[in-house]
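Visitor: One structure follows; several queries about it will come next.
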There are 4 protein chains.
Amino acid sequence: MIKVGIVGGTGYTGVELLRILAVHPEVTVSCITSRSEAGMPVADMYPNLRGHFDLEFSEPDASVLKACDLVFFATPHGVAMRMVPELMDAGVRVVDLSADFRLKDLDVWAQWYGMPHETPEWAEKAVYGLPEVVRDEIRSAQLVANPGCYPTAVQLGFLPLLEQGLVDPSRLIADAKSGASGAGRQGKIGMLHGEIGESFKAYGASGHRHLPEIRQGLTGAAGSQVGVTFVPHLIPMIRGIEATLYAELKDPSGFDRLQALYEERFRNEPFVDVMPFGSHPETRSVRGANQCRMALHRQEDSNIVIVSSVIDNLVKGAAGQAVQNMNIMFGFRETMGLEAPALLP
Amino acid sequence: MIKVGIVGGTGYTGVELLRILAVHPEVTVSCITSRSEAGMPVADMYPNLRGHFDLEFSEPDASVLKACDLVFFATPHGVAMRMVPELMDAGVRVVDLSADFRLKDLDVWAQWYGMPHETPEWAEKAVYGLPEVVRDEIRSAQLVANPGCYPTAVQLGFLPLLEQGLVDPSRLIADAKSGASGAGRQGKIGMLHGEIGESFKAYGASGHRHLPEIRQGLTGAAGSQVGVTFVPHLIPMIRGIEATLYAELKDPSGFDRLQALYEERFRNEPFVDVMPFGSHPETRSVRGANQCRMALHRQEDSNIVIVSSVIDNLVKGAAGQAVQNMNIMFGFRETMGLEAPALLP
Amino acid sequence: MIKVGIVGGTGYTGVELLRILAVHPEVTVSCITSRSEAGMPVADMYPNLRGHFDLEFSEPDASVLKACDLVFFATPHGVAMRMVPELMDAGVRVVDLSADFRLKDLDVWAQWYGMPHETPEWAEKAVYGLPEVVRDEIRSAQLVANPGCYPTAVQLGFLPLLEQGLVDPSRLIADAKSGASGAGRQGKIGMLHGEIGESFKAYGASGHRHLPEIRQGLTGAAGSQVGVTFVPHLIPMIRGIEATLYAELKDPSGFDRLQALYEERFRNEPFVDVMPFGSHPETRSVRGANQCRMALHRQEDSNIVIVSSVIDNLVKGAAGQAVQNMNIMFGFRETMGLEAPALLP
Amino acid sequence: MIKVGIVGGTGYTGVELLRILAVHPEVTVSCITSRSEAGMPVADMYPNLRGHFDLEFSEPDASVLKACDLVFFATPHGVAMRMVPELMDAGVRVVDLSADFRLKDLDVWAQWYGMPHETPEWAEKAVYGLPEVVRDEIRSAQLVANPGCYPTAVQLGFLPLLEQGLVDPSRLIADAKSGASGAGRQGKIGMLHGEIGESFKAYGASGHRHLPEIRQGLTGAAGSQVGVTFVPHLIPMIRGIEATLYAELKDPSGFDRLQALYEERFRNEPFVDVMPFGSHPETRSVRGANQCRMALHRQEDSNIVIVSSVIDNLVKGAAGQAVQNMNIMFGFRETMGLEAPALLP
């Protein structure tokens, strides 16, 4: 049994961590912080947790956090960056769900997040926690940068193609769509039900913060610089990401072997499901579950590989992957607390 | 570990039973039947179950069902009625999620379901499985009639008032609203997304099959014949029922004691949550959870008690309550397999 | 052709006024004000209006408003109250879509709106603009208080029963449900898509500002003080109100004559549609249209009259009714600009 | 005033035609046919039309249709093909909203629609009715094939690039998303609210009927064979299509001139709106309106042109474009009956 703290618990990622940890047999949540809501019972803000947690939101308190085995950061960017060093020094392990430690190129980070990075030494040491790529490093990591939601769906879908060098790495396209919970729980007019219900649009089409993260991950997989176009869209629903990926096969005659390649690549991954060729993964098939499902498609005799990849942005795209990382870091069974099927319908 | 069969597994109630039983530590699902889909892997119809069940839908086979400890019926009305006797004779226990055994007055049953009841002896013996009312009878029952979704939300909300005789039993009003999954998974034009999305309406306002079931339950609680008006409505969402209940307090000076009365009545009920006076339960706070949340309201110095009661129609209103009944029948911890918090957001 | 001004145009009521006036042949919109957005082209905020209006939001300017024939107020409460006298003195006519002039009892107004009323003389002179009740007074009114959304749906549904004295006026229940646009366009967390999508709840169940307005209107129709319980609910959709009304018939033998009574009462009303007995009006059948549809129901031999009444809260519940009032005030055909059918599906 | 008939009026395209024609000053609808619903008042199926049409669905009757000036076909494919010759011979003009006359290569047509084409002579003569491309031919056409919904959004978005030869025509990608009304109004399980609500998926990713239509149109614009990958997706909403288009600029230095090119290309088009560079068109901005809005994007210094193009699939993607074609064919003002702004919110 480990003691866990959550910094910044009022957002959707925070409540999702609590939902998952509520049934995790090896975890006690010892604190959940929120400056703005300190003193409020967690279950008053999130009535689904009534009867599950007696916790109140508390002011962040270093002494309490340092007494934890693991601290999750579910904060806006710029917060974890400043608080992490003290925890590292105290030997506390951290999974940061924000973007603070995801990018290795800190100039790029500064450009997209609008501030200089304050703890570059930890940015260097942080492990980018996509277990399907770097499971072994996660095991011993003290600081894990939990991947973004879009980057998780996009990277998992492209991985086998790039690792094997089968496609033109300069012509990758990721057309991705997300439910509204990805924008967090802030009182923005643009995220009102009246604004986004019954409507669909692209956003960030000229450039989105997840683009450099995707490029970094895909470049790592390809072993050389990739060219990727990434356009996110907003779906009038709450949870779920679907990414449709397009890549140009260098040798079209290799199309027939792709399905086997994907199945082999993810055969031992508990949270990646390669569906039969020509399937259409639905976001509802992963709603509430720490799962990525994907399927391959080809149109007539085209040399374009099409991959459709779905996750729940709050689970495999955030809190679930964070708990998966925690399980790996502490030697728990990797699926612990993450076994329940998705909620369908 | 018990062996469980499910008859009629292609509907939403069937998949929901599987979703819950997938993580139940004392249950093995040995068969799930469907005449129309025999041979199809369950996970092909319900991709959220990929990796959780290897089952195929099978033709109903008496010998297989008779080898079960418990059989759930998730069938249209009229099916369980005919199959139950053979299972009863074989000593199999049954939880029927259809309406076949809910009503004690079989003339009323025949009138609302459009056919004569074929096994009246079992209709008499069946226990109406609302654990908060008849837990002890359920323990030893061989045949449990699992309550309807609306009747669960409405009865739980009215119970304390009627049991204590505090309100005029001839003037009860239940204005109830349900998500679309309550209508099942059949190819009806009226349930298309294009027909019910972004729209709201009453239906069955001149009479709905759940009316006699509600009347029977409330009459039992009151100890005398009640007069109840019940109007269901269709919400453009998938899961959830909210029932707003109106009753006229005989002695308005007693209003102040109602909150304590409700809290006391449900203090030991793991699946009923009385929220603070004046709260507004949200259906999302019970999405996917076997929970009923309710709250009381009063407008100025009115003598009308207002109760808002919410459940997930597929869980506390169907499959979850069925598993709760199973747990009681087999002496498992009542909350087993039903502990996870609701999925919010 | 008249010149119209709109004060407070950034909310949903403002854009809806523009949508309707865009095709009104007798109206020129000469200004639309917004302190916060002054200088912004209207079509930048509301892209559906691109190509229809060249207007920018402007600071409220008394000289511009005084040059209008009619000014609509689509402001939060407390604004029109202060600006109206100057316009009245200048001979400008006003339709106020806020609540400032709806209540005749200003103590009640002060209690619900949290401030004293500053222009009681105009509150007295204002005509409560429900055309189906006071069309003749509207014709010559200088100041019209446009009814609230819920009050419109509830009053129209109860009117014939109360005017004829057929029901017990002390036991009226109005269970009403609204889409999210009724809450306006402000950055409130509680109205985020992530908060209210796929969920349903009551709100204001212990008391809502529309309760005194409803009570005033029904009391007027009944000719004596009524007792009414009103519970609003939030539907996960954008537009539409459904109100299910319950009243106790004094003489149940009169049930058969109610349908004819309703049809007769609204025979000449262009915007009230009495559907066949036992129908279920859908909110989508009035989406975008200045229409109220209603239908009557009876359960078995009950003495409870059930009325289901639907409107689009932004049209017949706000901007459409305001234009209807304008048409009456200026002698235009009452349906002018309001002829298009609802958008279904 | 012309007399118009509608064949196959029970689907969403049929009701949408009626909604638009209800306010068209030059049209009388003289019949609307449906074999299955003959005798049913149109307003019983579509309550938004109550008070607007007295029509009943009727059996298709050649003599009645031949007395029309124009007949719209809103039928499944294979119907118009057989009925058109008789109407042509009688001098009736036809706008076919089905796919029967859209493809010029009838082998391809037969392959995708699963039957041989029975009236190839008319397939040859039919004008593919995209007014922005062939307005003059439409003017005098007797038979117009109304474009499909996806093909309209995709073609309009790609047109300027291909007409000017600015992009690699072999590497076009169209990632398109549609609301559920595009699937029509049939009782298919897959289109239930319970199946597609709160979920998102690709479909037809290995090949969709609109692919050859898109290819034909783009090839026409480019003047040479194009290579296009088209993946449609299903959005959990009712109306609206968004297509995100990707094309590789031959000369990246030309990026700066694209915005001007698009604005110039559509300057005189009443129903195409080129928004400012970097905008994100929302489907709600065209809901119910015969409008295509689009915007251009570039990511950093990429040579990929990104175009986001939105329409209402039932209006500019079906019934609205059909009325636009009718207006052109009969010399009415092209915007007649199509002036109202979109319904937002």
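Visitor: Considering only the other residues whose Cβ falls under 9 Å of the Cβ of D:Phe73, what net charge follows from Lys and Arg at +1 and Asp and Glu at -1? Could you put the intermediate results ahead of the total?
Guide: Numbers: positive: none; negative: D:Asp96, D:Asp100.
Taking every Cβ under 9 Å from that of D:Phe73, the sum is -2.
Visitor: Still on this structure, I have one more. In straight Cα distance, which lysines are under 29 Å from C:Lys104, not counting same-chain residues fewer than 8 positions off?
Guide: List returned: C:Lys66, C:Lys125, C:Lys177, C:Lys316.
Visitor: Name the residues whose placed amide hydrogens come within less than 5 Å of the amide hydrogen of A:Val167, ignoring near sequence neighbours (fewer than 5 apart) on the same chain.
Guide: Result for A:Val167 returns A:Lys250.
Visitor: For label points placed 7 Å from Cα toward Cβ, what is the shortest-first list of nm distances from C:Gln142 to its copies?
Guide: 6.7, 7.8, 8.5
Visitor: What does the charge dipole of the stretch C:150-313 about its Cα centre add up to, to the nearest 20 debye, if the Cβ of each Lys and Arg holds +1 and the Cβ of each Asp and Glu holds -1?
Guide: On the way: 16 positive and 18 negative charges, 120 e Å.
For the stretch C:150-313, the charge dipole is close to 580 debye.
Visitor: Plugging the Kirkwood radius over Cα pairs into Stokes-Einstein for the stretch C:150-313, at a temperature of 37 °C and a viscosity of 0.692 mPa s, what D comes out in µm²/s?
Guide: For the chosen part, D equals 202 µm²/s.
Visitor: Using the Cα atoms of the stretch A:257-296, I'd like the radius of gyration and the largest Cα-Cα distance, Dmax, both in angstrom.
Guide: Cα-based Rg and Dmax for the stretch A:257-296 come out at 10.2, 32 Å.
Visitor: Work out from phi, with θ = phi - 60° and the Karplus expression 6.51 cos²θ - 1.76 cosθ + 1.60, the ³J(HN,Hα) of each residue of the stretch B:45-52, listed in order in whole Hz, and give x for Gly and Pro.
Guide: Whole-Hz 3J(HN,Hα) from phi for the stretch B:45-52: 7, 10, x, 5, 8, 4, x, 9.
Visitor: While we're here: With both bridge residues required to lie in the stretch A:150-313, what share of the DSSP beta bridges run antiparallel, to the nearest 5%?
Guide: Numbers: 23 of 33 bridges.
Rounded to the nearest five, the antiparallel share is 70 percent.
Visitor: Hey, another quick one. Counting only protein heavy atoms, probe 1.4 Å: which residues of the stretch A:317-345 lose 50 Å² or more of accessible surface in the full assembly compared with their chain by itself?
Guide: So the qualifying set is A:Pro341, A:Leu343, A:Leu344, A:Pro345.
Visitor: Restricting the count to DSSP beta bridges whose residues both fall in chain A, what percent are antiparallel, rounded to a multiple of 5? If you can, show how the numbers build up before the last one.
Guide: Details: 24 of 55 bridges.
Roughly 45 percent of the beta bridges in chain A run antiparallel, per DSSP.
Visitor: I need the inter-copy label distances for C:Gly223: point set 7 Å along Cα to C-beta, values in nm with one decimal, smallest first.
Guide: Result for C:Gly223, in nm, nearest copy first: 4.4, 8.3, 9.4.
Visitor: Would you mind estimating how fast the stretch B:226-329 diffuses translationally, via Stokes-Einstein at 4 °C and 1.567 mPa s with the Kirkwood radius over Cα pairs, in µm²/s? Please list the in-between numbers first.
Guide: Details: Rh = 14.9 Å.
Translational diffusion coefficient: 87 µm²/s.
Visitor: Right, here's the next one. Between the stretch D:300-345 and the stretch D:224-239, what is the separation of their alpha carbon centroids in Å?
Guide: When both Cα centres are located, 17 Å separates them.
Visitor: To continue, here is another question. Considering every residue in A:176-185, what mean count of other chain Cβ atoms within 10 Å of its Cβ is obtained? Provide the component values of the computation, followed by the final result.
Guide: Working: counts 1, 9, 1, 8, 6, 6, 1, 3, 2, 5.
Partner-chain Cβ atoms within 10 Å, mean over residues of A:176-185: 4.
Visitor: Of the listed peptides A:95-105, B:231-241, A:160-170, what is their order by residue-averaged count of other C-beta atoms within 10 Å, with the highest listed first?
Guide: Numbers: A:95-105: 24.0, B:231-241: 27.4, A:160-170: 19.2.
Ranked from most to least packed, the peptides come out as B:231-241, A:95-105, A:160-170.
Visitor: Still on this model: B:Arg257 to A:Arg35: FRET efficiency via 1/(1 + (r/R0)^6), r the Cβ-Cβ distance, R0 25 Å, to the nearest 0.05? Write down the numbers at each step before the final one.
Guide: Values: r = 40 Å, r/R0 = 1.59.
According to the calculation, E is roughly 0.05.
Visitor: When Cβ neighbours within 10 Å are restricted to other protein chains, what is their mean count per residue of peptide C:302-314?
Guide: Values: counts 5, 3, 6, 1, 7, 2, 6, 0, 5, 0, 1, 0, 3.
Averaged over the peptide's residues, the number is 3.
Visitor: What number, rounded to the nearest 500 deg cm²/dmol, is the helix-based mean residue ellipticity at 222 nm of chain A, given -39500 (n - 2.57) per DSSP H run of at least four residues and division by all its residues?
Guide: Numbers: 12 runs with 103 residues, N = 345.
Calculated from helices alone, the mean residue ellipticity at 222 nm is -8500 deg cm²/dmol.
Visitor: Net charge around A:Pro169, counting only other residues with Cβ within less than 12 Å of its Cβ (Lys, Arg = +1; Asp, Glu = -1)? Don't skip to the answer; put the middle values down first.
Guide: Details: positive: A:Arg171, A:Arg215, A:Lys250; negative: A:Glu163, A:Asp168, A:Glu248.
The answer is 0.
Visitor: If you take the alpha carbon radius of gyration of chain A and divide it by 2.2 N^0.38 Å, what ratio comes out, to two decimals?
Guide: Details: Rg = 19.6 Å, N = 345, 2.2 N^0.38 = 20.3 Å.
Rg over 2.2 N^0.38 Å, computed on Cα atoms: 0.97.
Visitor: Nearest 5 is fine: what % of DSSP beta bridges in the protein assembly as shown come out antiparallel, could you say?
Guide: On the way: 102 of 226 bridges.
Antiparallel bridges: around 45 percent, rounded to the nearest 5.
Visitor: I would also like to ask the following. Given the C-alpha centroids of the stretch A:68-99 and the stretch B:145-171, what is the distance between them in whole angstrom?
Guide: After rounding, the separation between the Cα centres reads 50 Å.
Visitor: For the pairing of chain C with chain D, what total accessible surface becomes buried, with a 1.4 angstrom probe, in square angstrom to the nearest 100?
Guide: Working: alone 14790 and 14780 Å², together 26860 Å².
Adding both sides of the contact gives about 2700 Å².
Visitor: Please compute the net charge surrounding B:Cys149, taking Lys and Arg as +1 and Asp and Glu as -1 over other residues with Cβ under 13 Å from its Cβ.
Guide: Values: positive: B:Arg102, B:Lys177, B:Arg209, B:Arg239, B:Lys316; negative: B:Glu16, B:Glu213, B:Glu242, B:Asp312.
That works out to +1.
Visitor: Turning to a different aspect of this structure: Quick one: what Rg and Dmax do you get for the stretch C:100-247 from the alpha carbons, in Å?
Guide: Both quantities, over Cα of the stretch C:100-247: 16.1, 46 Å.
Visitor: If you don't mind, there's one more thing I want to ask. Treating the point 7 Å from Cα along Cα-beta-carbon as the label, what are the nm separations from B:Gly278 to the other copies, to one decimal?
Guide: Computed spacing set for this position: 4.5, 4.8, 6.2 nm.
Visitor: Please give the charge dipole size of chain C, origin at the Cα centre, charges +1 on K and R Cβ atoms and -1 on D and E Cβ atoms. Round to the nearest 20 debye. Write out the running numbers ahead of the final one.
Guide: Details: 30 positive and 41 negative charges, 69 e Å.
Computed charge dipole of chain C: roughly 340 debye.
Visitor: How compact is the protein assembly as shown by the rule of thumb for globular proteins, expressed as Cα Rg over 2.2 N^0.38 Å? Could the numbers behind the result be given before it?
Guide: Details: Rg = 31.4 Å, N = 1380, 2.2 N^0.38 = 34.3 Å.
Normalised by 2.2 N^0.38 Å, the Cα Rg of the protein assembly as shown equals 0.91.
Visitor: Which whole-Hz ³J(HN,Hα) couplings does the stretch D:24-41 yield from phi under the Karplus relation 6.51 cos²θ - 1.76 cosθ + 1.60, θ = phi - 60°, glycine and proline marked x?
Guide: So the J values, rounded to whole Hz, are 7, x, 10, 10, 10, 8, 9, 7, 9, 9, 7, 4, 6, 10, 3, x, 7, x.
Visitor: Here's something else I'd like to know. Please compute the modelled spin-label separation between B:Gln142 and B:Asp107, points set 7 Å along Cα→Cβ, answer in nm with one decimal.
Guide: 2.9 nm
Visitor: Give the accessible surface of chain B per residue, rounded to a whole number of Å², with probe radius 1.4 Å and ligands, DNA and RNA excluded. Working shown, then result.
Guide: Working: 10790 Å² over 345 residues.
Per residue, chain B has an accessible area of 31 Å².
Visitor: So, with a 1.4 angstrom probe, what is the percent of accessible area on the protein assembly as shown that is carbon and sulfur?
Guide: Working: 20680 of 43150 Å².
With neighbouring chains kept in place, the figure for the protein assembly as shown is 48 percent.
Visitor: In B, who owns the beta-carbon nearest the axis carrying B over to C, and how many Å from it?
Guide: Result for the axis mapping B onto C: B:Asp175, 2.
Visitor: Please state, to two decimals, what the Cα-based radius of gyration of the stretch C:2-125 comes to when divided by 2.2 N^0.38 Å (N = residues).
Guide: 1.08
Visitor: Using a 10 Å cut-off on Cβ to Cβ distances, tally the other chain neighbours for every residue of D:14-23 and report the average as a whole number.
Guide: Numbers: counts 0, 3, 3, 0, 1, 6, 2, 1, 3, 4.
Per residue, the number of nearby Cβ atoms from other chains is 2 on average.
Visitor: Further question on the same structure: Work from the charge dipole of the stretch C:2-125 (Cβ charges, +1 for Lys and Arg, -1 for Asp and Glu, about the Cα centre) and give the residue of C:Trp109, C:Leu49, C:Trp122 farthest towards its positive end.
Guide: C:Leu49
Visitor: For the residue pair B:Asp61 and A:Ile189, what label-to-label distance in nm results when each label sits 7 Å from Cα along the Cα-to-beta-carbon direction?
Guide: 6.4 nm
Visitor: Across the stretch B:252-261, in residue order, what do the Karplus-derived ³J(HN,Hα) couplings come to in whole Hz, using 6.51 cos²θ - 1.76 cosθ + 1.60 with θ = phi - 60° and x for Gly and Pro?
Guide: Those phi angles translate into x, 5, x, 4, 5, 8, 5, 4, 5, 4 Hz.
Visitor: A further question follows. Let me understand the stretch B:1-73 better: what is its radius of gyration from the alpha carbons, and its Dmax, in angstrom?
Guide: Cα radius of gyration and Dmax of the stretch B:1-73 are 11.0, 30 Å respectively.
Visitor: Here's a follow-up. Would you work out the charge dipole size for the protein assembly as shown about its Cα centre, treating the Cβ of every Lys and Arg as +1 and the Cβ of every Asp and Glu as -1, and quote it to the nearest 20 debye? Spell out each step's value before the answer.
Guide: Values: 120 positive and 164 negative charges, 0 e Å.
So the dipole magnitude of the protein assembly as shown works out to roughly 0 debye.
The values are calculated or read from the model by the stated rules, or taken from the named source; none is laboratory data. Fair warning: this is a prediction, and the values are worked out from it, not measured in the lab. Ideal geometry is used to build each Cβ from the backbone, glycine not excepted, and the neighbour counts take in all protein chains shown. Surface areas here come from the heavy atoms of the whole protein model, side chains and all, with no ligands, DNA or RNA. Shrake-Rupley method; radii C 1.70, N 1.55, O 1.52, S 1.80 Å.
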